[in-house]
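Structure first, commentary second.
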Amino acid sequence: MGNWRIKPIIVGEIYCDKSLLTPHRDIGTKLWFPCLVWYLTDGEHNILVDAGFGDSQRAMQLQPQFKTKANSSLSVILADMDLDPSRIDMVILTHLHWDHCSDLGFFGTTRIVVQRDEIQYAISPLSIDAIAYNSPSIGRKPCWLDRNLSFIDGDEEVLDGLLVVKTPGHTPGHQSVIAQTEAGMYGIAADLFPLYENMGGAVTVGFHPPSCINCEDWRRSARRFVRICDKVLPSHDPQVTEAWIPQTGQVEYA
Ligand SMILES: [Zn+2]
């Protein structure tokens with residue numbers, strides 16, 4: 001039985017129309033949203049979930065519809081935590097949109113875990129999605145392309161008490177992470193729920209989907225995820241920085 005601790009890291013912020021996260025709601029309301037990477041440890045293993053958007057100028061060049069500001073590069077943040085990249089046992093990428101996977105260049109042979117469906121789609125997506133993926137289909141070279149990728153098909157317990165669950169909908173091969181902690185099952189939703197608002201406050205009704213390639217898949221994923229998790233951690237919600245860390249009950253790294 002794992003006993004994981006979770007640290008949210010704000011690697012930067014993204015300025016965009018809120019209706020990108022909550023379609024048909026708040027159109028024209030532009031806000032800054034945090035971009036999060038998650039560090040998890042059970043005392044023996046060091047895991048990252050997602051890898052941020054990397055360099056801000058480059059991100060804005062490739063994604064001109066967004067403004068970004070980076071707090072720091074992931075390698076500097078890890079150095080501040082006394083974590084050499086070689087001590088990271090695994091990076092789990094929830095999906096391959098630019099703001100979740102673009103700061104991997106400094107990892108050597110670290111295992112990087114992605115759903116097989118996600119890679120297949122990212123290589124050759126619908127043209128409307130190609131920019132968000134920095135896809136090779138439009139001549140770009142996303143930084144995951146030459147990394148040590150490890151494919152997963154569906155759900156898998158990757159370490160004791162650390163589950164990867166496939167949660168398609170936002171993208172075809174989206175996955176989320178559930179960690180067993182002293183305080184229960186903590187779910188790192190990623191863009192299954194960018195904001196708490198997407199959860200709508202109810203288990204079976206009231207969800208509000210984010211942008212999705214398949215809304216029915218998303219709804220099934222959302223229902224299943226909230227059933228399994230005692231606590232859900234969204235990917236771009238400012239409140240997440242107040243998520244308390246199991247064991248201490250305090251905001252440790254906000
Ligand atoms: Zn996304």
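The values are calculated or read from the model by the stated rules, or taken from the named source; none is laboratory data. Here the structure is a predicted model, which is why all the values come from computation and not from measurement. Quick reminder, even Gly has a Cβ in these numbers, built from the backbone with ideal geometry, and neighbours come from all protein chains shown.
Numbers below:
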{"quantity": "Scan of segment 105-125 for residues that are in contact (Cβ under 8 Å) with a residue 24 or more places away in the chain and within 16 Å of the ligand (Cβ to nearest atom), ordered by number", "calculated": "Val114, Gln115, Asp117, Glu118, Ile119, Tyr121, Ala122"}
{"quantity": "Unmet requirement for Pro210, which otherwise passes all of (1) surrounded by 19 or more Cβ atoms within 10 Å (Cβ to Cβ); (2) out of contact with any Leu (no Cβ under 7 Å at 6 or more places or on another chain); (3) modelled with pLDDT under 95; (4) in a loop (DSSP other than H, G, I, E, B)", "calculated": "(2)"}
{"quantity": "Unique match (being more than 16 Å from the ligand (Cβ to nearest atom) and assigned to a strand (DSSP E or B)) among Ile27, Ile14, Ile77, Ile10", "calculated": "Ile10"}
{"quantity": "Cβ-Cβ under 6 Å pairs, at least 6 apart or on other chains, segment 20-37 side within 20 Å of Ala189 (Cα to Cα), far side of a type in the set (D, E, K, R)", "calculated": "Thr22/Glu197; Trp32/Glu13; Pro34/Glu13; Cys35/Asp99; Val37/Asp50"}
{"quantity": "Leading residue by the ranking (surrounded by the most Cβ atoms within 10 Å (Cβ to Cβ)) among those in segment 161-185 that are within 15 Å of Ile92 (Cα to Cα) and more than 16 Å from the ligand (Cβ to nearest atom)", "calculated": "Ala179"}
{"quantity": "Members of segment 231-246 found to be modelled with pLDDT of 90 or more and either loosely packed, with under 14 Cβ neighbours inside 10 Å or closer than 19 Å to Leu20 by Cβ (or both), listed by number", "calculated": "Pro234, Ser235, His236, Asp237"}
